[in-house]
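Just below is one structure, and these are the notes that go with it.
Please treat every number below as a calculation from the coordinates, not as lab data. Just so you know, these numbers come straight off a predicted model, no measurement behind them. Heads up, the Cβs are rebuilt from the backbone with ideal geometry, glycines too, and the neighbour counts pull from every protein chain shown.
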């Protein structure tokens with residue numbers, strides 16, 4: 001029993017609540033938001049040390065015995081994800097200072113960000129499938145508020161669709177939970193992992209597994225459920241977009257990862273093959289979008305979809321290399337997507353448009369920006385020694401060891417398309433004839449650029465120092481591959 | 001557009017207090033039987049909304065000069081704070097405590113930490129619902 | 001009883017889908033409300049309808065007679081959430097109607113700078 005694992009959930013919640021009391025005090029809003037995000041990150045670090053030394057942490061709320069109360073579980077995977085999401089939120093808060101606009105800052109922007117953080121960290125930590133639904137709703141409520149924040153016309157229009165899609169997927173979530181409860185009689189994930197292998201009717205369980213895949217697929221934007229993502233994500237301003245792109249779809253990916261390794265393992269031949277096929281189709285669909293658009297935001301948005309496919313393909317292989325690769329790639333993708341959105345955001349501010357055709361020649365005036373963009377772009381495509389490489393290598397290796405070797409070939413081939421799609425931004429925006437840029441104060445440029453370049457540096461470090469992080473990654477993979485570790489930690493308290 | 005609804009206004013003056021008292025009853029009934037902070041909060045909101053319908057928004061704002069967003073925040077803090085108090089006592093989050101006390105007038109009463117949590121829920125529900133209604137109702 | 005409930009849930013889902021496919025925003029919102037009602041009823045039914053006694057420990061009631069408290073707790077949570085989401089949706093729809101001047105989904109398609 002340790003309450004430590006709840007700190008990354010409670011801290012942003014309390015800070016967000018305090019921030020709601022005085023929305024107009026700009027200085028206090030900024031400082032308290034950044035302190036909240038930073039202290040969440042620090043709590044995550046303590047938790048990481050604890051999990052590393054003592055193994056999986058679990059606490060069942062309200063002192064109920066384990067399968068009856070709501071369990072919160074923190075294994076290596078969830079700690080790593082909590083840490084990366086806290087880190088990204090911290091950077092987004094700092095990046096927002098000069099990009100989001102004072103009017104938005106004074107109307108509950110920072111509380112919404114911190115509520116989102118509460119939901120995301122909660123979803124990563126919970127050990128109960130219905131509680132997962134609750135935390136997903138918390139983060140969705142915050143995301144509704146953020147996507148429409150400021151109330152511009154495109155935002156209003158797109159948020160209606162975003163809201164509608166998510167309401168439908170939430171209703172499906174409740175329905176899927178209902179079916180699962182009627183078949184197994186429990187909703188505690190560890191207890192499910194014990195009960196599901198004892199049930200002989202695998203047919204109905206397979207149906208439920210696919211229902212959950214649809215539910216989480218809506219959040220994770222897998223093929224063919226990604227249709228809502230490009231439009232909705234295009235509407236809000238860049239810091240919110242970075243937050244969404246880095247965190248929201250990843251919650252869906254994490255949920256698929258958790259359920260498909262912990263308890264929906266009764267019919268791997270069907271469910272996991274389906275997951276692999278869908279993952280590959282997701283990658284292909286994302287590639288088409290990433291090449292088709294001349295809008296910098298859209299290109300990176302479609303790259304989110306590609307990454308979701310790559311990660312899920314690794315999960316579907318259910319072998320050590322595949323799972324470890326997925327975990328590594330998941331963390332890499334959270335960091336690199338935030339960094340890329342930051343960079344693209346600066347480019348868009350400088351040109352005053354997101355249309356690539358109206359850009360050019362930025363490398364002459366902002367060389368450091370150009371080269372850090374190139375580094376981030378190479379990192380996304382997985383060029384060694386940058387951070388995309390180790391994860392992709394392991395996923396491809398997992399594919400060759402597993403049943404769907406053709407998937408690995410697709411991933412390798414599409415890496416080139418990813419590279420092309422992001423380098424296209426470099427070629428159009430940074431090379432070529434200089435186009436007049438919007439004059440920008442040096443100080444506000446550096447306010448945007450500093451968090452960006454630090455984040456890019458972190459991704460580089462994550463790639464070059466991959467050897468350093470591998471023990472954590474394989475620790476996380478071990479728990480996913482041996483559910484008994486997870487089950488013992490929860491049920492034998 | 002505003003008409004002088006004498007009947008509605010006269011009835012409201014009485015009914016509002018009945019609803020408010022009933023809300024308090026439901027809130028405390030939630031201790032052992034159906035009821036609690038959520039329903040109590042909704043009832044209170046309905047009383048305030050009735051006032052708004054019978055009179056108008058500015059009058060109600062004069063009667064109840066409350067910032068509902070702050071009210072939500074205070075409620076959330078109260079609820080989270082009650083739950084988080086268990087951290088201080090080093091028991092799992094949300095663990096509740098209760099005991100029986102002899103109070104003057106009321107006799108033997110059971111006091112429960114969950115009631116504080118429920119009071120937080122009550123404030124949150126009233127705060128959130130009123131914020132929503134004010135947002136829509138502000139521009140007539 | 002389960003049969004009646006299934007039919008009812010099916011009807012709710014049917015009405016919800018019909019409403020959500022219409023063009024008017026307000027019908028869509030009512031549709032989402034019906035959809036979540038259907039999902040909540042489904043949760044209640046799938047949790048088992050046996051047991052008449054409320055799930056509060058009382059004298060002279062055997063364990064088998066209690067209703068299962070878990071689905072009730074889950075539904076309560078889900079109702080609160082869908083209440084919040086629906087009210088948010090209403091506010092959003094109202095604001096969108098004010099800003100965009102229409103509640104017709106056909107006219108809310110695409111972006112201005114359509115590529």
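If I fit a long axis through the Cα atoms of helix A:153-184 and take the longest principal axis of the Cα atoms of chain A, what angle between them do I get, 0 to 90°, rounded to 10?
With rounding to tens, the tilt is 10 degrees.
Could you tell me what % of all Cα pairs in segment A:33-92 have separations over 16 Å?
Percentage above 16 Å: 51.
Could you give the angle, 0 to 90 degrees to the nearest 10, between helix B:68-88's Cα long axis and the longest principal axis of the Cα atoms of chain B?
Approximately 10 degrees, to the nearest ten.
Using the Cα atoms of segment A:183-243 to build a convex hull, what is its mean projected area in square nanometres?
The orientation-averaged projected area of the Cα hull of segment A:183-243 comes to 5.8 nm².
Could you work out the equivalent-ellipsoid semi-axes for chain A, taking the square root of 5 times each eigenvalue of the Cα gyration tensor, largest first, in whole Å?
Each semi-axis is √(5λ); the values are 35, 26, 21 Å.
What is the mean number of Cβ atoms from other protein chains located within 10 Å of the Cβ atom of each residue in peptide A:164-172, rounded to a whole number?
Rounded to a whole number, the mean comes out at 6.
Taking 1 over the mean of 1/r across every pair of different Cα atoms in segment A:269-335, what Kirkwood radius in Å do you get?
12.2
Please report, in Å, the Rg and the Dmax of segment A:254-391, where both are computed over Cα atoms only.
17.2, 58
How much of the DSSP bridge set in the protein assembly as shown is antiparallel, in percent, rounded to the nearest 5?
If we restrict to bridges inside the protein assembly as shown, about 95 percent are antiparallel.
Ignoring solvent entirely, what values of log10 I(q)/I(0) come out of the Debye formula for segment A:114-155 at 0.20, 0.23, 0.26, 0.35 Å⁻¹ when each Cα is a single scatterer?
The calculated log intensity ratios at q = 0.20, 0.23, 0.26, 0.35 Å⁻¹ are -0.57, -0.67, -0.77, -1.09.
Where Rh is the Kirkwood radius over the Cα pairs of segment A:421-461, the temperature 25 °C and the viscosity 0.890 mPa s, what D in µm²/s does Stokes-Einstein return?
The Stokes-Einstein estimate is 198 µm²/s.
Please work out the ratio of the alpha-carbon Rg of segment B:7-140 to 2.2 N^0.38 Å and round it to two decimals.
For segment B:7-140, the normalised Cα radius of gyration is 1.22.
Using alpha carbon centroids, what distance separates segment A:282-339 and segment A:410-442, in Å?
18
Largest first and to the nearest Å, give the Cα extent of chain C along each principal axis.
For chain C, the Cα spread along each principal axis is 69, 26, 23 Å.
Where the centroid of each part is defined by its Cα atoms, how far is segment B:1-57 from segment A:96-172 in Å?
31
Rg(Cα) of segment A:135-271 divided by 2.2 N^0.38 Å?
1.17
Report, as an integer, the average count of C-beta atoms from other chains found within 10 Å of each Cβ along C:74-81.
5
Can you give the angle from 0 to 90° between the axis of helix C:25-46 and the longest principal axis of chain C, with both taken from C-alpha atoms, to the nearest 10?
20
For segment A:347-435, go through all pairs of different Cα atoms, get the mean of 1/r, take its inverse, and jot down that Kirkwood value in Å.
Kirkwood hydrodynamic radius for segment A:347-435: 14.4 Å.
As a footprinting exposure proxy, order A:486, B:100, A:144 by other Cβ within 10 Å, with the fewest listed first.
So the ranking, lowest neighbour count to highest, is B:100, A:144, A:486.
Can you list the equivalent-ellipsoid semi-axes of segment A:56-134, largest first and in whole Å, using the square root of 5 times each Cα gyration tensor eigenvalue?
So the equivalent ellipsoid measures 31, 14, 8 Å along its semi-axes.
Counting each DSSP H run of 4 or more residues in chain C as -39500 (n - 2.57), what helix-only mean residue ellipticity at 222 nm follows after dividing by all residues, to the nearest 500 deg cm²/dmol?
-22500 deg cm²/dmol
Using all Cα-Cα distances in segment B:1-62, what percent lands in each 5 angstrom bin from 0 up to the longest?
Histogramming segment B:1-62 at 5 Å steps yields 4, 20, 23, 20, 14, 10, 6, 3, 1, 0 percent.
To the nearest 500 deg cm²/dmol, what mean residue ellipticity at 222 nm is calculated for chain A from DSSP H runs of n ≥ 4 alone, each contributing -39,500 (n - 2.57), summed and divided by the residues?
-25500 deg cm²/dmol
Given segment B:54-125 reduced to its alpha-carbon atoms as identical point scatterers, what log10 I(q)/I(0) does the Debye formula return at q = 0.18, 0.26 Å⁻¹?
-0.80, -1.06
Averaged over peptide A:18-25, how many Cβ atoms belonging to another chain are found within 10 Å of each residue's Cβ?
Neighbouring Cβ atoms belonging to other protein chains average 3 per residue here.
Using the alpha-carbon centroid of each, what span in Å lies between segment A:216-259 and segment B:85-136?
Segment A:216-259 and segment B:85-136 have Cα centres separated by 36 Å.
Over segment A:312-448, what is the relative contact order in whole percent, taking alpha-carbon pairs under 8 Å and six or more residues apart?
Answer for segment A:312-448 is 38 percent.
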